[in-house]
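Engineer: Sharing a structure, written as structure tokens. Questions coming.
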Amino acid sequence: MFRLLIIVIVIGFAQDSFGNKIYDLKSPNEKLSINFWLTENGEPVYSISSLGESIFKQSKLGVVRSDGNFSADLILDSVSNVTVVNDNYKLLHVKRLECNYSANKKIFYLRNSDSKKIEIIFQVSNDGVAFRYHFPENSDAKLKIYNETTSFHFDTSTKAFLQPCPDARTGWSFSQPSYEEYYQMEIPVGTVSPYQAGWVLPALFNYKNYWVSITETAVDTNYCGTRLSQFSPDGEYSVQFPQPQEVRGNESALPESTLPWFTPWRVIAISENLGGLVESTIGTDLAIPQKYDVSSWLKPGIASWSWVILKDDSTNFDTQKRFIDFASKMNWEYCLIDALWDTQIGYEKIKELADYAKTKNVKILLWYNSAGDWNTTPLTPRDKMSSKEIRRNELQKIHEMGIAGIKVDFFGGDGQSMMKYYIDILKDAADYKIAVNFHGCTLPRGWYRTYPNLVSMESIRGEEYVTFDQSNADQQPSHCAMIPFTRNLFDPMDFTPVNFSGIPNINRKTTKGFEIALSVLFTSGIQHIAETPKGMNTQKDFVQEFMKTLPERWEDVKFIDGYPGKYVVLARKSGNEWYIACINGESEDRTITLNLPFINKSSKGKIITDSVDSENLIQEEISFLKTNKIVVKPNSGFVLKINKKKSG
């Protein structure tokens, strides 16, 4: 009798309440685990746990395709053996130079009531879970996906850090959505988004001591970008497709493709601490490997930029020449000439500026309007990017003029046709050795690995908003302390940081110490600095020297301390040097403990931070043998530079 009882218990553990078998897949270190099974209605579902602690409750899988339902009445034909996936690759810029990915993989082979096939592919790494759908059959007919039933089901005690997505074709000149809202912090899961468009990715969650970031990667021309649903009853968020207006002309918003067809990866980064999340590269680990090599002609770097402080009137020949001189003096590689250059400077004089910049070892970047019927933005040049033939003629023209890159602005959302538009620009630009920066745009979704001439994307309420009105300046400290855990977690971000000398008609809330820290804290393939030549000239020599020697790219990152929206301390490595950046986004002093196990405890470094009255920056030598605690004032910050070679 006792033996029989044991057998019953074992069988029950391997089945759900309807008698369907539960399959599991663990991470290489066996901490993370997913369970997969079919409900009594043939619905594919999954759950996630860490060391037995449930993180996701029963969550949905599946899609509804134009020729069939793959979310219910499914039959499981077979399950693959566990295979190991390893990938080692390099990134040109942003978080880490050398990246390594290792995961366990399992494929579930299913068919629907019409015997049409779907595969659900899971990969579990030490830092997260990813899954995607694959339709393996062959078909020349274009099929649509009307809906993903994919969901992420949290315990209702979970707290969320989410950015709402404005509805399509709203806002200034109907230019939304552009991923430029403030994050709602520590809200209960289940909170309804203020907009029907839902919540943008990446989305951050905190359950007990676990931190979870949900995002997507490997979105290519055969799929749309997605978001999290406006409604999340009982803490269950669904994948939400773009709104119908998020398209080019009459092209598709919903995903459509011939078969076979892989969908993007749904990525769930999971860590028992914020450090594991911040140091993870899972967002690019699963991206499509690079499609071409740009290393012979594209170099990450720093750019001067007049528009953010001086606005449209600064787009003139003389001012841009001064900003080229500014970039040269600061040893920066680039100068961005923004909107209206075609009418206020003209092609002939732009060529003259490009030739002049070359004598100064500076390269020119030019702004373009994405144009199209998805917005009514009046800034020019327009209609130079939206047609392939016109776009390639323009790219060839500016390449011959010596232009190094373009900034394309005011896109129209996340529909599949818009995803294709982004990628078409990247591919064509690469043919003419042109770097690309997108503004007023969607999330990068790992594209900078696949298309390495993508140096940055905005997708954030950046420094320009501080110049618009005081309310944005008031929210800047906590907003900046939120971004390293969300928008800038996996992808480059063109925030355009660092302003020391002030902004006209604005009472800036952040100190100079806070501002200089942003140069290290935020990552972008080309980092556009907001300060002007006049403003930089008034800074002390050690401040200018720091900005002159700011690394062009980072090799590694370490999380030191922080909490989303409150404060953050990160370390970034370049060559033999470590840079430690800290900002305090709160209105009270914060004591920072510098626990730096990756450096010699007898090391010495130089710290730049605010003076006692916060009016100026000061530089001091700091010894880690004596000091490991620093008091950071409200809305303040610091940078600390340590040379490993000199310090041993």
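The values are calculated or read from the model by the stated rules, or taken from the named source; none is laboratory data. Predicted, not measured: the structure shown is a model, and the values here were computed from it. For neighbour counting, all protein chains shown are included, and Cβ atoms are generated from backbone atoms with ideal geometry for every residue, glycine included.
Engineer: Where in the stretch 171-235 are there strands (runs of 3 or more DSSP E), lying wholly inside it, with at least 1 residues that are under 17 Å from TRP265 (Cα atoms)?
Structural biologist: Output list reads 203-207, 210-217.
Engineer: Can you pull out every residue in the stretch 558-614 that is in contact with a Ser or Thr (Cβ under 9 Å, 6 or more places away or on another chain) and of a type in the set (Gly, Ala, Ser)?
Structural biologist: Of everything in the stretch 558-614, those that are in contact with a Ser or Thr (Cβ under 9 Å, 6 or more places away or on another chain) and of a type in the set (Gly, Ala, Ser) turn out to be GLY565, ALA581, GLY585, SER602, SER603, GLY605, SER614.
Engineer: I need the full set of residues from the stretch 585-609 which are crowded, with 16+ Cβ neighbours inside 10 Å and within 30 Å of the chain's Cα centre (by Cα), in order please.
Structural biologist: Of everything in the stretch 585-609, those that are crowded, with 16+ Cβ neighbours inside 10 Å and within 30 Å of the chain's Cα centre (by Cα) turn out to be GLY585, GLU586, ARG590, ILE592, LEU594, LEU596, ILE599, ILE607, ILE608, THR609.
Engineer: Suppose we keep only residues that are within 25 Å of MET493 (Cα to Cα) and out of contact with any Phe, Trp or Tyr (no Cβ under 9 Å at 6 or more places or on another chain) within the stretch 177-200. Which one would you say is surrounded by the most Cβ atoms within 10 Å (Cβ to Cβ)? Before the answer, list the steps.
Structural biologist: Going through the stretch 177-200, the residues within 25 Å of MET493 (Cα to Cα) turn out to be 177-187, 193-195, 197-200.
Remaining after also requiring out of contact with any Phe, Trp or Tyr (no Cβ under 9 Å at 6 or more places or on another chain): 179, 182, 194-195, 197.
Numbers: TYR179: 22, TYR182: 15, PRO194: 14, TYR195: 18, ALA197: 24.
Top of the filtered list is ALA197.
Engineer: If a residue counts only when it is of a type in the set (Phe, Trp, Tyr), which strands (runs of 3 or more DSSP E) contained entirely in the stretch 297-391 have at least 2 such residues?
Structural biologist: 363-369
Engineer: For PRO497, are the conditions met, namely being in the same structural domain as PHE438 (by TED's automatic domain parsing), touching a helix residue (DSSP H, G or I) at 6+ places or on another chain (Cβ under 6 Å) and over 24 Å from GLU586 (Cα atoms)?
Structural biologist: The answer is no for PRO497.
Engineer: Can I ask one more? Could you please give the count of residues in the stretch 366-376 that are of a type outside the set (S, T, N, Q) and either surrounded by 24 or more Cβ atoms within 10 Å (Cβ to Cβ) or in contact with a Cys (Cβ under 6 Å, 6 or more places away or on another chain) (or both)? Show your work before the answer.
Structural biologist: Restricting attention to the stretch 366-376, the residues satisfying the condition of being of a type outside the set (S, T, N, Q) are 366-368, 371-374.
Then keep just the ones that are either surrounded by 24 or more Cβ atoms within 10 Å (Cβ to Cβ) or in contact with a Cys (Cβ under 6 Å, 6 or more places away or on another chain) (or both); that gives 366, 368, 374.
Residues meeting the conditions: 3.
Engineer: Based on what the data block shows, is LYS420 closer than 21 Å to LEU201 by Cα, in a helix (DSSP H, G or I) and among the charged types (D, E, K, R)?
Structural biologist: yes
Engineer: Given the conditions (1) surrounded by 17 or more Cβ atoms within 10 Å (Cβ to Cβ); (2) in contact with a strand residue (DSSP E or B) (Cβ under 7 Å, 6 or more places away or on another chain); (3) not charged (D, E, K, R), and given that TYR223 satisfies all but one, which numbered condition is not satisfied?
Structural biologist: That leaves (2) as the condition not met.
Engineer: Pick out, from the stretch 531-648, the helices (runs of 4 or more DSSP H) lying fully within it that include 3 or more residues that are among the hydroxyl-bearing types (Ser, Thr, Tyr) and within 22 Å of ARG508 (Cβ to Cβ).
Structural biologist: Once the helices (runs of 4 or more DSSP H) in the stretch 531-648 are filtered for at least 3 residues that are among the hydroxyl-bearing types (Ser, Thr, Tyr) and within 22 Å of ARG508 (Cβ to Cβ), nothing remains.
Engineer: Just to be sure, is LEU143 touching a residue at least 40 places away in the same chain (Cβ under 8 Å), out of contact with any helix residue (DSSP H, G or I) (no Cβ under 6 Å at 6 or more places or on another chain), of a type in the set (A, V, I, L, M, F, W, C) and buried (at least 19 other Cβ atoms within 10 Å of the Cβ)?
Structural biologist: no
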